[in-house]
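So the structure is just underneath, and the comments pick up after that.
The values are calculated or read from the model by the stated rules, or taken from the named source; none is laboratory data. Everything quoted here is computed from the prediction, not taken from an experiment. Here the Cβ is made from the backbone with ideal geometry for all residues, glycine too, and neighbour counts use every protein chain on show. Note: areas computed on protein heavy atoms with side chains; ligands, DNA, RNA excluded. Shrake-Rupley method; radii C 1.70, N 1.55, O 1.52, S 1.80 Å.
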Amino acid sequence: MIGPMGVGKTTVGRKLAKALKVAFVDSDSIVVQQHGPIPAIFKDLGEPIFREFEEAAVKTAIAAPGVVATGGGAVMSPKTQAALKQTTVVYLSTNGKHIGSRLRGGTRPLVKNGVADWKRIYDERKPVYEATADYIIDTSDQSLSATVAEIRKRLNI
Ligand code: S3P
């Protein structure tokens, strides 16, 4: 799963993995397990180091069979883009309708100014998500469960 922060990659990925009876891994969780909370990594070590940790985490995650949710910025790494060529990449897109409520109260370091930050970052990354995706699923007007059903239908899994 690739796509912007708050689109539902983790929820959809977890539900999809459960339905398919395969493992689910989240690259953010691997980073946290290995290096501690993401806000602290950004604050103490800086974003470039976080991105190195994230590259390694995605590499580990996609090495095993199953469903992987990547962090929203993971696909910006050329190494990760190359690694993702070995897998089936599903891009969860959104028109942003539900994002405000999903970001509120969160701890994501890149969206301290809320939806305005989110929008700017998403606009920058959209072409990369599109170029990296094998399938694009628009989540805007459907529940996360309906999104899971759509993925299964489109990928025939
Ligand atoms: C980020 C997205 C986050 C997390 C970090 C940076 C990004 O993951 O990796 O806060 O650059 O888009 P989610 O997409 O799971 O929120």
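Just to be sure, is ILE62 in a helix (DSSP H, G or I) and in contact with an Asp or Glu (Cβ under 9 Å, 6 or more places away or on another chain)? Please lay out each step first, then the result.
Values: in a helix (DSSP H, G or I): yes; in contact with an Asp or Glu (Cβ under 9 Å, 6 or more places away or on another chain): no.
In short, no.
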Residue that is at positive phi and within 12 Å of the ligand (Cβ to nearest atom), where the choices are GLY46, GLY13, GLY8
GLY8
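Taking the residues in segment 111-133 that are in contact with a Phe, Trp or Tyr (Cβ under 8 Å, 6 or more places away or on another chain) and in a helix (DSSP H, G or I) as candidates, determine which candidate is least open to solvent (accessible area, probe 1.4 Å). Don't jump to the end; show me each part of the working.
We begin by selecting, within segment 111-133, every residue in contact with a Phe, Trp or Tyr (Cβ under 8 Å, 6 or more places away or on another chain); these are 111, 129-130, 132-133.
With the extra rule that they be in a helix (DSSP H, G or I), the set shrinks to 111, 129-130, 132.
Values: VAL111: 17, TYR129: 2, GLU130: 98, THR132: 25 Å².
Ranking the qualifying residues of segment 111-133, first place goes to TYR129.
So that you can scan it fast, the table gives a plain yes or no per residue for (1) in contact with a helix residue (DSSP H, G or I) (Cβ under 6 Å, 6 or more places away or on another chain); (2) modelled with pLDDT under 95; (3) exposed (fewer than 11 other Cβ atoms within 10 Å of the Cβ):
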residue	(1), (2), (3)
GLY73	no, no, no
TYR91	yes, no, no
LYS97	no, yes, yes
ILE137	yes, no, no
Kindly list the number of the only condition in (1) assigned to a helix (DSSP H, G or I); (2) more than 14 Å from the ligand (Cβ to nearest atom); (3) at pLDDT below 95 that fails for ARG102.
(2)
Tell me yes or no: at least one residue of segment 59-71 is without any contact (Cβ under 8 Å) to a residue 40 or more places away in the chain and farther than 26 Å from ASN156 by Cα.
no
Do we have ARG125 as closer than 20 Å to ARG14 by Cβ, out of contact with any strand residue (DSSP E or B) (no Cβ under 8 Å at 6 or more places or on another chain) and within 15 Å of the ligand (Cβ to nearest atom) here?
no
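Condition check ((1) closer than 15 Å to GLY71 by Cα; (2) of a type in the set (Ser, Thr, Tyr)) across all residues:
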site	(1), (2)
THR88	no, yes
TYR91	yes, yes
ASN95	no, no
ILE99	no, no
THR107	yes, yes
VAL111	yes, no
VAL115	no, no
TRP118	yes, no
With respect to ALA131, determine if the residue is in contact with a helix residue (DSSP H, G or I) (Cβ under 7 Å, 6 or more places away or on another chain) and more than 15 Å from the ligand (Cβ to nearest atom).
no
